[in-house]
Protein chains: 2
Amino acid sequence: MKATIYDVAREAGVSIATVSHVINGKGKISRERREEVLHIMQRLNYRPNAIASALAGKKTYTLGLLVPDISNPFFAEIARSVEDRGHQLGYSVVICSTDNKEDKVKRYVSLLKQKQVDGVIIGTGISHEELLASLQDHAIAIALIARDHPGFGANSVRVHDLDGGRLAADHLMDMGHDRLAVLAESERVTSSSERVSGFVEAAAVRGLKVPGDRIISCEPTIEDGYQQAKGMLERPDRPTALFCCNDLLAIGALRAVRELGLSIPEDCSIVSFDDTILASVTDPPLTVIAQPIEQMGRLAVDLVVRDLSEQGDPAARRIVLPPELIVRRSTGSAPGTLTAPCSTR
Amino acid sequence: MKATIYDVAREAGVSIATVSHVINGKGKISRERREEVLHIMQRLNYRPNAIASALAGKKTYTLGLLVPDISNPFFAEIARSVEDRGHQLGYSVVICSTDNKEDKVKRYVSLLKQKQVDGVIIGTGISHEELLASLQDHAIAIALIARDHPGFGANSVRVHDLDGGRLAADHLMDMGHDRLAVLAESERVTSSSERVSGFVEAAAVRGLKVPGDRIISCEPTIEDGYQQAKGMLERPDRPTALFCCNDLLAIGALRAVRELGLSIPEDCSIVSFDDTILASVTDPPLTVIAQPIEQMGRLAVDLVVRDLSEQGDPAARRIVLPPELIVRRSTGSAPGTLTAPCSTR
DNA sequence: CTGAAAGCGCTTACAG
DNA sequence: CTGAAAGCGCTTACAG
């Protein structure tokens with residue numbers, strides 16, 4: 001049978017309060033007593049029951065991670081960094097794939113409350129602020145990751161999407177492209193619409209216009225990226241460069257370009273966004289605006305844990321990280337341009 | 001403040017035992033009382049505290065998922081199916097990425113015990129049976145996934161690796177290949193060595209020998225797949241077909257073939273194993289021996305939950321699922337062969 | 001420095 | 001059909 005605090009107390013000839021104190025390093029315990037107790041704990045292979053200690057007033061040391069889909073490489077990579085940082089700090093993480101469905105989000109949130117998680121990291125769309133607020137009411141710390149909810153006082157960590165869009169446009173224009181098109185996600189996804197804005201704005205700065213009908217909303221899947229890219233490329237006056245708001249769309253686009261018998265980047269350049277493992281595995285590997293995924297996961301955990309340690313609710317922090325352009329082989333000079341090919345890294 | 005069972009009992013004018021009974025559908029409660037209580041619970045927005053009920057003797061409804069790395073697409077996909085099935089059945093899942101490191105495995109196992117998870121699904125290498133046994137001692141149900149530990153009485157779900165290797169070899173030989181080579185994982189990974197055995201055996205059946213020096217052990221990374229494939233292809237009398245024991249290795253091999261200026265499948269065919277999203281995203285997409293990932297995750301959860309519901313420990317079940325050959329475009333007739341190209345699906 | 005006691009929010013025999 | 005009471009394994013004032 002598993003040893004309890006009573007067993008340890010009895011063997012050591014002390015009260016359970018004393019054992020508890022040595023476990024938690026609280027109160028003053030004489031050195032000999034402490035060593036004695038520690039020794040017994042070891043002998044009995046005693047591990048405090050986390051359930052009991054949570055009920056008695058300590059934390060559960062569990063975090064929820066809400067994402068659309070853990071099997072999507074972007075979120076899988078986020079999960080890994082959240083898990084690692086959490087584990088370092090003593091927290092376990094429970095995965096919750098919501099498919100961005102309102103009802104799944106609700107079910108998971110309700111479950112996380114019942115399980116009394118200490119905090120939740122949210123990478124999925126949450127349309128109703130009430131949900132977020134209900135978490136906070138339960139004294140559950142939250143941090144949004146790769147999302148933001150402007151106007152709502154919550155921690156968040158994201159990349160500077162606007163700058164990301166700008167980087168993409170500048171890179172393409174530097175290589176002589178002037179017929180640009182964009183594969184975006186739904187306009188409701190703010191990160192995506194920011195990327196598009198940055199892209200359009202940077203183009204405008206150089207006197208280039210990206211017509212509204214060259215900015216397409218897609219489902220964030222390879223299949224829809226393929227379909228929409230195909231439609232786009234079959235138009236007369238087809239674009240020479242495509243900016244795709246995530247790796248899945250870019251892969252779809254890659255396929256479409258190929259299927260039309262065009263080559264990349266000679267006939268059409270593609271810039272992607274995210275830089276998951278997928279981006280480096282395609283042929284050609286994708287030039288991409290990279291999100292600092294590892295860092296984002298780590299910081300999101302840190303924000304949550306900070307809220308847990310400080311008393312009162314500290315003001316929410318919003319962290320915005322710079323995106324990085326990584327040039328691989330899916331972009332090159334515009335057809336008919338003399339620009340030297342960009343060096344790869 | 002969050003409502004407790006006491007609040008509900010007071011409002012309803014009954015004892016907490018009665019409230020507990022209606023929550024759990026136990027005992028006989030008159031219909032009116034039940035409805036009254038249910039109504040109050042709703043009005044107070046009452047949700048039972050899962051921590052308390054776990055401590056009082058119920059389950060924690062939490063499962064641990066031990067994998068080498070959640071950001072590896074194979075395990076991310078496994079995680080998704082485990083999560084979905086778990087959620088359906090009322091369980092949450094905690095992720096544990098071990099990097100196959102003995103000490104990380106130990107830490108996580110110890111943590112899962114402290115948190116009193118009901119079961120754990122193990123997709124990571126466990127060298128010491130004691131660890132497994134210690135889990136079972138704590139009345140924690142276990143199921144191995146995509147692994148097996150022959151001789152140890154544990155549930156397991158895996159694909160028929162031997163048959164998978166055979167399928168790969170037959171497919172290649174059907175297309176006229178006779179200079180075969182293999183990129184394997186470490187020999188300690190039984191799933192990989194089974195795949196190799198099946199491959200070698202099927203070749204032998206048709207009088208073909210796969211020399212030992214054409215079976216290379218690799219780290220399961222793209223990089224090492226690349227390195228080893230390159231070495232292999234630079235040998236005189238280079239193979240016309242490569243069997244890679246997972247998608248990562250196959251991607252590395254793809255890269256190596258390309259870099260040597262050879263084309264796929266004209267100069268060299270590649271058969272991969274697993275069929276994660278990566279396999280369909282490369283160019284050309286990979287012909288692969290697919291594991292039924294979704295099914296494996298689901299069944300692993302079912303095995304664990306079955307152990308939890310039955311009393312006594314039911315005999316361990318070992319489920320072996322058939323692999324499936326999915327022909328894509330990384331395989332074709334051997335150079336100089338007249339065999340018609342295989343139809344794709 | 002140490003311990004007795006109350007309490008966390010439930011479940012489950014048991015008695016009536 | 002319903003309730004009083006004990007107990008799950010801890011933590012934390014509080015008293016000494």
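Before moving on, here are some points about what is shown:
- Across the identical copies, how the A:LYS58 labels are spaced - nm, sorted shortest first, 7 Å along Cα→Cβ: 2.4
- 10 Å Cβ neighbours from other chains, averaged over peptide B:272-280: 2
- Inter-label distance, nm, simple model (7 Å from Cα along the C-beta direction), B:GLN295/A:LYS26: 5.3
- Computed over chain B with a Gaussian network model linking Cα atoms closer than 10 Å, the most mobile of B:MET296, B:MET173, B:MET41 is B:MET41.
- Between the amide H of A:ASP275 and those of A:ASP247, A:GLN291, distances stay under 5 Å, these residues lying 5 or more places away or on another chain, with hydrogens modeled in the peptide plane.
- Too-long pairs where the Cα-Cα distance tops 28 Å, listed order kept, from A:LYS59/B:LYS113; A:LYS58/B:LYS113; A:LYS2/B:LYS59; A:LYS58/B:LYS26: A:LYS58/B:LYS26
- Across peptide A:64-76, the average count of Cβ atoms from other chains found within 10 Å of a residue's Cβ is 5.
- Rounded, prolate or oblate (a/c below 1.5 giving rounded, otherwise prolate when a/b exceeds b/c) for the range B:161-291 by Cα gyration tensor: rounded
- Between the range B:129-150 and the range A:17-50, the Cα center-to-center distance that results, in Å: 30
- Bridge orientation summary for the protein assembly as shown: considering DSSP beta bridges with both residues in this region, about 10 percent are antiparallel.
- Beta-bridge orientation, chain A: approximately 10 percent antiparallel, per DSSP, counting only bridges with both partners inside.
- With the simple spin-label model, which puts each label point 7 Å out from Cα in the Cβ direction, the B:ALA315 to B:ARG179 separation comes to 5.1 nm.
- Rounded tilt (10° steps) of A:293-309 against the dominant C-alpha axis of chain A: 40
- For the range B:269-333 versus the range A:266-317, the spacing of their alpha-carbon centroids is 29 Å.
- A simple spin-label model places pseudo-atoms 7 Å from Cα toward Cβ; at A:THR221 and A:ALA204 they are separated by 3.4 nm.
- From phi via Karplus (6.51, -1.76, 1.60), per-residue ³J(HN,Hα) for the range A:215-231 in Hz, x at Gly/Pro: 10, 10, 7, 10, 5, x, 9, 4, 4, 6, x, 4, 4, 5, 5, 4, x
- When you restrict to C-alpha pairs under 8 Å that are six or more residues apart and normalise by the size of chain A, the relative contact order lands at 16 percent.
- Cβ-vector label at 7 Å, B:GLN227, separations to other copies in nm: 4.4
- Carbon and sulfur %, accessible surface of chain B computed with the full protein complex present, 1.4 Å: 49
- For residues of A:94-101, the mean tally of beta carbons on other chains within 10 Å: 4
- Remark: relative contact order (the range A:88-168) = 21 percent; criterion is Cα-Cα distance under 8 angstrom and separation of 6 or more residues.
- Amide H within-cut-off set for A:ARG318, under 5 Å, with H built and near neighbours excluded: A:SER156
- Buried area at the B-A interface (accessible, heavy atoms, 1.4 Å probe, summed, Å²): 4400
- Cβ-derived FRET efficiency at R0 51 Å, A:LEU44 paired with A:GLU129, nearest 0.05: 0.55
- 23 Å Cα-Cα reach of B:LYS230 towards lysines, excluding residues that sit fewer than 8 places from it in its own chain: B:LYS209
- Here is how far apart the B:ARG31 label points are across copies: 7.3 nm, shortest first, using a point 7 Å from Cα toward Cβ.
- Taking every protein chain into account, the accessible area of the range B:118-159 amounts to 32 square angstrom per residue (probe 1.4 Å).
- Relative contact order (percent, whole number), the range A:223-300, Cα cutoff 8 Å, 6+ residue spacing: 27
The values are calculated or read from the model by the stated rules, or taken from the named source; none is laboratory data. All values reported here derive from a predicted model rather than from experimental measurement. All Cβ positions, glycine included, derive from the backbone under ideal geometry; neighbour counts span all protein chains shown. Areas reflect the complete protein model, heavy atoms only, side chains present, ligands, DNA and RNA absent. Shrake-Rupley method; radii C 1.70, N 1.55, O 1.52, S 1.80 Å.
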